[in-house]
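**Q** If you scroll down you'll find the structure; I have some questions about it.
The values are calculated or read from the model by the stated rules, or taken from the named source; none is laboratory data. Just so it is clear, the model here is predicted, and its values are computed rather than measured. Here the Cβ is made from the backbone with ideal geometry for all residues, glycine too, and neighbour counts use every protein chain on show.
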Amino acid sequence: MAENLLNFDAQQLTAWFAERGEKPFRARQVLRWIHKMGEPDFAAMTDIAASLREKLLAEACVDSPAVMREELSDDGTRKWLLNVGTGNAVETVFIPEAGRGTLCISSQAGCALDCAFCSTGKQGFNRNLSAAEIIGQLWWANRRIGRDADGNWPVSNVVMMGMGEPLLNFDNTVTALRLMLDDHAYGLSRRRVTVSTSGIVPAMDRLRDECPVALAVSLHAPNDELRNVLVPVNQKYPLRQLMSACQRYLERAPRDFITFEYVMLEGVNDSVQQARELIALVRDVPCKFNLIPFNPFPQAPYRRSGAENVRRFRDVLMQADLVTTVRKTRGDDIAAACGQLAGQVQDKTKRTHRLIEVRS
Ligand code: SAH
Ligand code: SF4
């Protein structure tokens, strides 16, 4: 079977070329064609020797996941449903803003962690995405939207906040991250690439050592008792361990703060007293807060906090000198917001079994 070159970062591609007696600079050239130029066709790689082009045509391919559906929101947000095989689909969301374009990408089909407020979690875990399926989301989105008038690709920032827990698909995630950062591929700065994690402590240490990028941690509760319920993986890596891991991460992080995400659930985690508890919890971790209005999905057991509660909660944090933003909800009309992704995937757990309709 043809080798999908989207699976390789620079080092892996160089090794694959070396096995075929090809020099490292050839690997670099091909890497640039694929990622920097967005060219999937080896025949079009004009500065590559004809003999090598033939070899590549025979042995390799550049395959990103097939797009089953594209939706465009009134606010310019786009959402793609991607077929990752065997009845699985994942979603990618592009959010245009003044001066930047953010792509929210998925790392797994489903998620094993079953956070109480997350529709991806409710689907159960299907499988890890390959590196090609992860980086393929960026590769494809850039090509689909096209370069701007200055010749720049539209995606300037990547957040791994789509479906799945990226740190439980560590190796493939890191391969994709390396490509995002590589000057011969996407050349994004480490500050413009964010991994979001529910707090897999040992993998946070590995990420710090192997490929530090900006880090967002899904906190959602100020104490273990509540977090054990909302984010069950907290039972394995409780808050004290998580806070220390954040401190260790900051020793090598490209930004000097951790972003704590906090989904606002009415009457569950949004009281003033809980805001105060939160302040005490994060005392030793330089951080910013991002409050996320809960995005409902069918059968969700929670409600979104009222705007007044969110403002009060934010004010308490701000008075303690914690920079706090409230996430704008984008793409509401196409269910593209956090935690709403891929409602139409065939569900392994059969909790919400709906078949995918493939459109050509
Ligand atoms: N698994 C990773 C990344 C994907 S989820 C993580 O949990 O961090 C990205 C963000 O969306 C997380 O902060 C997650 O807690 C949040 N989220 C999940 N479901 C949500 C919902 N229904 N409404 C609002 N935010 C949600
Ligand atoms: Fe998984 Fe993140 Fe959803 Fe939790 S919030 S179930 S970790 S995708």
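**Q** Which residue pairs have Cβ atoms under 7 Å apart, sit 6 or more places apart or on different chains, and have a first residue in the range 114-127 that is under 20 Å from Ser305 (Cβ atoms) and a second that is outside any strand (DSSP E or B) and among the polar types (S, T, N, Q)?
**A** Filtered contacts from the range 114-127: Cys115/Ser198; Ser119/Gln340.
**Q** Evaluate the following for Glu266: is it within 16 Å of ligand 1 (Cβ to nearest atom), of a type outside the set (A, V, I, L, M, F, W, C), under 28 Å from Leu181 (Cβ atoms) and touching a residue at least 24 places away in the same chain (Cβ under 8 Å)? Outline the logic, then answer.
**A** Working: within 16 Å of ligand 1 (Cβ to nearest atom): yes; of a type outside the set (A, V, I, L, M, F, W, C): yes; under 28 Å from Leu181 (Cβ atoms): no; touching a residue at least 24 places away in the same chain (Cβ under 8 Å): yes.
For Glu266, the condition - within 16 Å of ligand 1 (Cβ to nearest atom), of a type outside the set (A, V, I, L, M, F, W, C), under 28 Å from Leu181 (Cβ atoms) and touching a residue at least 24 places away in the same chain (Cβ under 8 Å) - is not met.
**Q** Asp114 is checked against (1) within 16 Å of ligand 2 (Cβ to nearest atom); (2) over 30 Å from Leu219 (Cα atoms); (3) acidic (Asp, Glu) and fails just one. What number does that condition carry?
**A** Evaluating Asp114 over (1) within 16 Å of ligand 2 (Cβ to nearest atom); (2) over 30 Å from Leu219 (Cα atoms); (3) acidic (Asp, Glu) leaves (2) as the failure.
**Q** Moving on. Being within 22 Å of Val174 (Cβ to Cβ), at pLDDT below 95 and touching a Leu at 6+ places or on another chain (Cβ under 8 Å): is that true of Val84 here?
**A** So Val84 passes the test.
**Q** Among the residues of the range 118-153, which ones are among the hydroxyl-bearing types (Ser, Thr, Tyr) and within 16 Å of ligand 2 (Cβ to nearest atom)? Steps first, please.
**A** So in the range 118-153, the residues among the hydroxyl-bearing types (Ser, Thr, Tyr) come out as 119-120, 130.
Ser119, Thr120 - these are the residues of the range 118-153 that are among the hydroxyl-bearing types (Ser, Thr, Tyr) and within 16 Å of ligand 2 (Cβ to nearest atom).
**Q** Within the range 238-258, can one find any residue that is crowded, with 20+ Cβ neighbours inside 10 Å, within 18 Å of the chain's Cα centre (by Cα) and within 13 Å of ligand 1 (Cβ to nearest atom)?
**A** yes
**Q** Residues that are touching a His at 6+ places or on another chain (Cβ under 7 Å): list the helices (runs of 4 or more DSSP H) wholly contained in the range 224-320 that include at least 1 such residues. Spell out the reasoning first.
**A** Numbers: elements: 224-230, 239-250, 272-281, 307-319.
Output list reads 224-230.
**Q** Which of the residues belonging to the range 294-326 are surrounded by 16 or more Cβ atoms within 10 Å (Cβ to Cβ) and within 15 Å of ligand 2 (Cβ to nearest atom)?
**A** Phe294, Asn295, Pro296, Phe297, Ala300, Tyr302 - these are the residues of the range 294-326 that are surrounded by 16 or more Cβ atoms within 10 Å (Cβ to Cβ) and within 15 Å of ligand 2 (Cβ to nearest atom).
**Q** Is the range 68-82 home to any residue that is free of Cβ contacts under 8 Å to residues at least 60 places away in the same chain, more than 16 Å from ligand 2 (Cβ to nearest atom), surrounded by fewer than 19 Cβ atoms within 10 Å (Cβ to Cβ) and under 18 Å from Val159 (Cα atoms)?
**A** Scanning the range 68-82 turns up at least one residue that is free of Cβ contacts under 8 Å to residues at least 60 places away in the same chain, more than 16 Å from ligand 2 (Cβ to nearest atom), surrounded by fewer than 19 Cβ atoms within 10 Å (Cβ to Cβ) and under 18 Å from Val159 (Cα atoms).
**Q** Could you list, in sequence order, the residues of the range 10-39 that are surrounded by 17 or more Cβ atoms within 10 Å (Cβ to Cβ) and in a loop (DSSP other than H, G, I, E, B)?
**A** Across the range 10-39, the qualifying residues are Glu22, Glu39.
**Q** What do you reckon, is Met163 more than 14 Å from ligand 2 (Cβ to nearest atom) and either surrounded by 16 or more Cβ atoms within 10 Å (Cβ to Cβ) or outside the structural domain of Arg283 (by TED's automatic domain parsing) (or both)?
**A** So Met163 fails the test.
**Q** Now, a different point. Examine the range 113-122 for a residue that is at negative phi and of a type in the set (Asp, Glu), and state whether such a residue exists.
**A** no
**Q** Report whether or not Ser189 is surrounded by fewer than 21 Cβ atoms within 10 Å (Cβ to Cβ) and closer than 30 Å to Gly76 by Cβ.
**A** Judged against the criteria, Ser189 is a match.
**Q** Could you give every pair whose Cβ atoms fall below 9 Å, whose first residue belongs to the range 180-198 and is farther than 19 Å from Arg100 by Cβ, and whose second residue is β-branched (Val, Ile, Thr) and within 16 Å of ligand 2 (Cβ to nearest atom), counting only separations of at least 6 or pairs across chains?
**A** Thr197/Val217; Ser198/Val217; Ser198/Val231; Ser198/Val233
**Q** If you go through the range 173-191 one residue at a time, do you hit one that is within 16 Å of ligand 2 (Cβ to nearest atom), outside any helix (DSSP H, G or I) and at pLDDT 95 or above?
**A** To start, the set of residues in the range 173-191 that are within 16 Å of ligand 2 (Cβ to nearest atom) comprises 173.
Adding the requirement that they be outside any helix (DSSP H, G or I) leaves none.
Scanning the range 173-191, I find no residue that is within 16 Å of ligand 2 (Cβ to nearest atom), outside any helix (DSSP H, G or I) and at pLDDT 95 or above, so the answer is no.
**Q** Failed condition for Thr92, given (1) assigned to a strand (DSSP E or B); (2) in contact with a helix residue (DSSP H, G or I) (Cβ under 7 Å, 6 or more places away or on another chain); (3) away from ligand 2 (no atom under 16 Å from the Cβ), with all others met?
**A** Against the list (1) assigned to a strand (DSSP E or B); (2) in contact with a helix residue (DSSP H, G or I) (Cβ under 7 Å, 6 or more places away or on another chain); (3) away from ligand 2 (no atom under 16 Å from the Cβ), Thr92 comes up short only on (3).
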